[in-house]
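> Sharing a structure with you now.
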Amino acid sequence: MRRFFQRLLYKPVLRLANKFSSRPNKARVNKALNALYKSIVSNPGKKGLVIPFDINKDKFIILSDQHKGARDGADIFAKSAQNYLAALAHYNDNKFVYINLGDSEELWENLFVTVKRHNKATFEKEKLFITDDRFVKIFGNHDLYWGNDPLAAISLMQIYDRAIRVYEGVVLQTSIQNKPFDIFMTHGHQGDLQSDGNWFSKWFVSDVWGPLQGFLSINPNTPAYNSQLKTDHNRIMYEWSSKRKNMMLITGHTHQPVFRSLTQLEILYNSLDGAKKENDIVKIAELEQKITALHLKGTTQPDFNGFLDTYFNTGCCCFNDGDITGIEIEGGYIRLIKWAYHKKLSKRMVLEESKLEDLNILRRAG
């Protein structure tokens, strides 16, 4: 019976979920990001931290959107939990600073006590970073509780055995090619009319979408979602970041990985354009085959002329095949990485990488 309803309702339920999941307003996004960045750099410690770093020595892993739940049919993190634990073990062993960009706990669909009970192993792994002062926790719209509930400090003490601050953003500051450079990070829900503290969206998720998702065991975060053009929200975030100098923006929220301002599909199209200019017949055929294999309908090659490397998105830690994606900054490089299951073991893969000094935003900023 459940399979029958899955087949019958899968597509309409996803359309309904997408309709209520995001409605970004460009003016609101711009105003919110401007205000948050200004607040962090002018008054560090109130809304966010300013962290100086050496691009050749310091190491950061940025993950977001775990949506840890109750291990029921609505828990989209359940399949990814082992990949997440393996990733945290790797990054802790290698002394990375872990920046969690929000929506780590699914507190729209679940009570805190429920999430705490079913995610003890992940909280224990996160505690290892706290012990060495290598953990920065940012709140998102689904765990806004951490930023506005008076009981949040008690809850954090219960899961981490230590009182920690949860912020709205963080700014990493360094120098590249003798120029000051900021990496501004926040969850990315700011300015989203359906997510930025909107009571109706929270009610819909907790009382309608959550129970229906649990009954149908639907996870809308498919890996194929990576292979589309940028969502409206990601596009607006890119447009904001492209107008800043000496800065890049890293967010989560949309669950769509973006590297150097491009999605996987956009990167393929961009590479295809380069191959055509070089008349590389073999490369052209290879890239066209990869694009065709995505089985996309109605997508024509976009024009990426003038795109700047100013925007990155972590993706999420709750894809329906158990994969997780994130951003590494290490050894002068920035990387889009994926942890996936291979023969039941978790394996790290580099999807894209670039030297920080090669980003074209630096040439623009000069």
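Every number in this text was worked out from the coordinates using simple rules, so none of it is lab data. This is a predicted model, so every value here is computed, not measured. Cβ atoms come from the backbone with ideal geometry, glycine included; neighbour counts cover every protein chain shown.
> Under 25 Å from the Cα of LYS95, which lysines turn up, not counting those fewer than eight places away in the same chain?
Within reach: LYS57, LYS59, LYS68, LYS120, LYS125, LYS127, LYS137, LYS338, LYS347, LYS355.
> Remind me, what semi-axes does region 24-150 give for its equivalent ellipsoid, largest first in whole Å, using sqrt of 5 times each Cα gyration tensor eigenvalue? Show your work: numbers first, answer last.
Numbers: eigenvalues 127, 95, 32 Å².
They are 25, 22, 13 Å, listed largest first.
> Could you pull out which residues in region 37-69 have an amide N less than 20 Å from a spot 7 Å beyond the Cα of TYR333, following the Cα-Cβ vector?
54-63
> Here is a further query. Determine, for PHE77, PHE60, the number of other Cβ atoms within 10 Å of each Cβ, and report the residues in order from fewest to most. Display every interim value, and only then the final one.
Values: PHE77 27, PHE60 23.
Ascending number of Cβ neighbours within 10 Å: PHE60, PHE77.
> Would you mind computing the Rg to Rh ratio of region 22-88 from its alpha-carbon coordinates, Kirkwood style for Rh? Provide the component values of the computation, followed by the final result.
Values: Rg = 17.4 Å, Rh = 15.7 Å.
Over the Cα atoms of region 22-88, Rg/Rh equals 1.10.
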